Every structure is written in C-alpha cells, then in structure tokens.
Amino acid sequence: MTNLITLTRMRMRLALRNKMFFFFSLVMPIGIFFLYSTVFAKSEPIVVKVLLGQVLGFNVMGSFWGLSAALVMFREQGILRRFHVCPVKETDMLVSSLFANYLLMLPIVILELLLARYMFHVPGLGNLPSIALLTTAGIISFGSLGLVIASVTNTMQETQVLNQLLWLPLIFLSGATIPFTALSKGVQHVALFLPATYLVHGFKKAILDSAGPEKLAVVLVSLLVWFALTLFLSSQLFRWEPEAKIPRKAKLYVAATAIPFILLGIWEAKNGRVIAEEKTIIQRLEEAARPV
C-alpha cells in the first residue's frame, strides 16, 4: 500500500509536468464545457442542463488520451526503467496511474458541476450519487483503455494514431457531439456496441431524469467488467523498457475486452430502449431551445 501511495503521488507530479496530459485531461475538459454551455446552449440554464450529460461523458471518456500518451512518453524517455529498478510491480505502476488519473480528473468534473449550477444557474443537477458512480466507473474504465493502448503501441506516433482511431468513433457515435437521432438507423445500431454510448446516455439519465444507481446498474456493471478486463490485459502486456516489443498476435487480445459491450449491444439492438430514450432526450433539447 505504501508503494502504491508513493507511486500515485509521483505519477500525479509527472502527469502535471507532461504538457500533453495536462492539455487533454485538464485544459480541454474545461474548454469543452464552456464551448457547449456558451456557444451551443447560449447560456440558457435548461439547455445547459440537457447538454451537461454530453459534456461530462465527453470529458470523462477523454481521460484515456492523456494517460496513454504519458505512459508511452515515460517509456521512451527511460522514466519507467528507473521505476523498474525499485521493488515495483507492473500492477503497482498501472493501478497508481489509474489512481493519479482519477484524482486529477475528479476535481474537473466537480468544477464543471459547480459552474453549471452557480454560473449558468442550472435548475438541479439530477441524481448526484449516480453521477459520482458514473464518473468513477467512466474514469477508471476509459483510463484502463489508455493503459492497454500504452501497452500495445511502441512509439508516441503509434499511440497518437491509435488514440485518434478510437477517439473519433467514441465522440461522434456516442451522442456526445452529434445528436443520436441524427445518425442513420444502421449507425445507431453500431453505436450500441460502444462503451462511450452507455456512459454518455447514463449521464443524461442521471441528470435529466434523476435516475438512481439501480436504474443504471447495467451500465455501471458493464463499465466495471470492461475495466477489469482491460486492466488485466494491460498488466500482461506492460513493458518497462522502450526496446521491449510485444508480438503482433498479442494485440489481437485487445478485442477480447469488448465482450461486455458486444453482449450489451446485441441485447440493446433487440430491445431498442437506449435509442427510444435518446429520441426523447433530443425532443426535450429541442423544446428547451425553442424560444418562448
């Protein structure tokens, strides 16, 4: 436990010194919040509330970007090699990275909620325990995705390419940017297999409908199972040395981490619950944005 606390403290210091992590995990979330609140919502309290779930989902899922880039940079610069000389295991480094990422991201989410409530006068923030659980599950699960990316890529260039390939579908198909109902039916069904879709949808339900944790149990359990799979995989593939490589076949194991959302996507494609609820949310957004 002492090693974990010490590593977490050091990881936080290193992360704050890393410009890429600082931008993607700390600066960009606040910028996205004000973009949605002032430009898209035009500072209208009701519209800000409707869009708040998208903002939180967008920023929480984005935590994987800075974490993956920071770890790969530490490996290239030989920083991880120095940790390896100490009595530190792979799991210690990975879990401390997640803790540091969580402790740095959590104040950003709290700040956004406070700004929405007191600066933009949003009338109620919904179910706060549900928001807290979704934030926690989202940060650690998408953070674990960042650990997997850092484990399977060998250079910063590879990391940036893979981050881009994952990031664009996550933000454009999940409803975090483009309204869900604006997508074709085929694309909507593809989105049902993405963890980001359920994270964003869960935030919307918690804020707009005050949905309690019991109503979001499927989303929370799926995210936590995904977190366990990705953390285990990253611990198996983690490398301390920049010269160490992993076999190409090992990268195929990453597909196994998608099992929870493949099963959930199949069930939702048949049930249609999320798509129907998203259409209702968009109707509420249109009504809120309509001039009185």
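The values are calculated or read from the model by the stated rules, or taken from the named source; none is laboratory data. Just so you know, these numbers come straight off a predicted model, no measurement behind them. FYI the Cβ positions are ideal-geometry reconstructions off the backbone, even for glycines, and counts take in every protein chain you see. We work out accessible area using only protein heavy atoms, side chains counted, and drop any ligands, DNA or RNA first. Shrake-Rupley method; radii C 1.70, N 1.55, O 1.52, S 1.80 Å.
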Quiz item: Which of the residues belonging to region 146-179 are within 17 Å of the chain's Cα centre (by Cα) and farther than 28 Å from Phe40 by Cα?
Solution: Gly146, Leu147, Val148, Ile149, Ala150, Thr159, Gln160, Leu162
Quiz item: So is Arg273 among the basic types (Lys, Arg), touching a residue at least 40 places away in the same chain (Cβ under 8 Å) and out of contact with any Lys or Arg (no Cβ under 8 Å at 6 or more places or on another chain) or not?
Solution: no
Quiz item: Taking the stated definitions as given, is Val95 under 22 Å from Val152 (Cα atoms) and not in a loop (DSSP other than H, G, I, E, B)?
Solution: yes
Practice problem: For region 191-209, state whether one or more residues are within 18 Å of the chain's Cα centre (by Cα), modelled with pLDDT of 90 or more and of a type in the set (S, T, N, Q). | Solution: yes
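Checking the structure you have, find out if any residue of region 22-34 is part of a loop (DSSP other than H, G, I, E, B) and open to solvent by 70 Å² or more (accessible area, probe 1.4 Å).
The first filter runs over region 22-34 and keeps only residues part of a loop (DSSP other than H, G, I, E, B), leaving none.
No.
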Self-check item: Pick from region 119-131, criterion part of a helix (DSSP H, G or I) and touching a Pro at 6+ places or on another chain (Cβ under 9 Å), ranking: least open to solvent (accessible area, probe 1.4 Å)
Solution: Ser130
Quiz prompt | Residues satisfying the stated conditions in region 132-148, i.e. open to solvent by 10 Å² or more (accessible area, probe 1.4 Å) and in contact (Cβ under 8 Å) with a residue 60 or more places away in the chain | solution = Leu133, Ile140, Leu145
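Only one residue in Leu237, Leu231 is closer than 30 Å to Thr159 by Cα, at pLDDT below 85 and open to solvent by less than 60 Å² (accessible area, probe 1.4 Å). Which one?
Leu237
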Quiz prompt | Selection within region 164-195 - among the hydrophobic types (A, V, I, L, M, F, W, C) and under 16 Å from Phe261 (Cα atoms) | solution = Leu166, Leu170, Leu173, Val187, Val190, Ala191, Leu192, Phe193, Leu194
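For (1) in contact with a Leu (Cβ under 9 Å, 6 or more places away or on another chain); (2) open to solvent by 70 Å² or more (accessible area, probe 1.4 Å), each residue gets a yes or a no:
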position: Ser43; (1), (2): no, no
position: Asn59; (1), (2): no, no
position: Arg82; (1), (2): no, yes
position: Asn101; (1), (2): yes, no
position: Met105; (1), (2): yes, no
position: Val109; (1), (2): yes, no
position: Arg117; (1), (2): yes, yes
Quiz item: Which pairs have Cβ atoms under 6 Å, sit 6 or more apart or on different chains, and link a residue in region 214-232 that is among the acidic types (Asp, Glu) to one that is modelled with pLDDT of 90 or more and open to solvent by 20 Å² or more (accessible area, probe 1.4 Å)?
Solution: none
Exercise. Taking Leu52 as the residue in question, decide whether it is part of a helix (DSSP H, G or I), touching an Asp or Glu at 6+ places or on another chain (Cβ under 9 Å), closer than 15 Å to Phe142 by Cβ and open to solvent by less than 30 Å² (accessible area, probe 1.4 Å).
Key: no
Practice problem: Could you please tell me which pairs satisfy a Cβ distance under 6 Å, a separation of 6+ or placement on different chains, a first residue in region 73-90 that is part of a helix (DSSP H, G or I), and a second residue that is small (Gly, Ala, Ser)? | Solution: Glu90/Ser235
Quiz prompt | Meets criteria (more than 22 Å from Ala150 (Cα to Cα), among the charged types (D, E, K, R) and not in a helix (DSSP H, G or I)) for Lys42 | solution = yes
